[in-house]
Amino acid sequence: MKLISTLLILSFICSCQTDNSNSFDDILGSSSIDPNNPNLVKAYAVIEERCIDCHSGYHNSWSAYDTDEKWIASGNVTAGIIGDSPLIMRLKNRGSNMPLGGANLTEDEYNALVTWIEGL
């Protein structure tokens, strides 16, 4: 019961923010991406914008993958091989179904992910 109350309070606080953000990460602190890793910075910006809303929380904690190593260990990317990286293969751009309920990634968004994975 305390957990539900806490979540309701956090939800209320998030909904009252002036930037209209409803992310628990905004309150609890978001991942710290290494600014010296420009490919990951660009890729993570795409993931954060287009994927994190669904792929976070209990079922999948993508917001915690803040290093190349964590992404590789998660099995979502294969270093240097986009054709073996589920993150890429599941995109609508490649004929699959992600992001669900959303449009294909833009060419720039898609290329940011490809460049990052190819550079691993």
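The values are calculated or read from the model by the stated rules, or taken from the named source; none is laboratory data. It should be emphasised that the depicted structure is a prediction, and the values quoted were computed from it without experimental measurement. Note: ideal-geometry Cβ built from the backbone for every residue, glycine included; neighbour counts use all protein chains shown.
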> Within the set of pairs 6 or more residues apart or between chains, which connect a residue that is over 17 Å from ALA45 (Cβ atoms) and surrounded by 13 or more Cβ atoms within 10 Å (Cβ to Cβ) inside region 60-84 to a residue that is of a type in the set (Asp, Glu) and modelled with pLDDT of 95 or more with Cβ atoms less than 6 Å apart?
Replying inline: THR78/ASP84
>> If I filter region 54-64 for residues that are closer than 20 Å to ASP34 by Cα, among the hydrophobic types (A, V, I, L, M, F, W, C) and assigned to a helix (DSSP H, G or I), do I get at least one hit?
In response: yes
> Within region 85-94, how many residues turn out to be buried (at least 18 other Cβ atoms within 10 Å of the Cβ) and not in a helix (DSSP H, G or I)?
Replying inline: 2
> If you check GLY95, GLY102, GLY83, GLY57, which single one turns out to be under 16 Å from GLU118 (Cα atoms) and of a type in the set (Gly, Ala, Ser)?
Replying inline: GLY83
> For region 95-114, how many residues meet the condition of being farther than 19 Å from SER74 by Cβ and in a helix (DSSP H, G or I)?
Replying inline: 5
> Any idea which of (1) crowded, with 17+ Cβ neighbours inside 10 Å; (2) farther than 22 Å from ILE33 by Cα; (3) not hydroxyl-bearing (Ser, Thr, Tyr) is the one LEU105 doesn't satisfy?
Replying inline: (2)
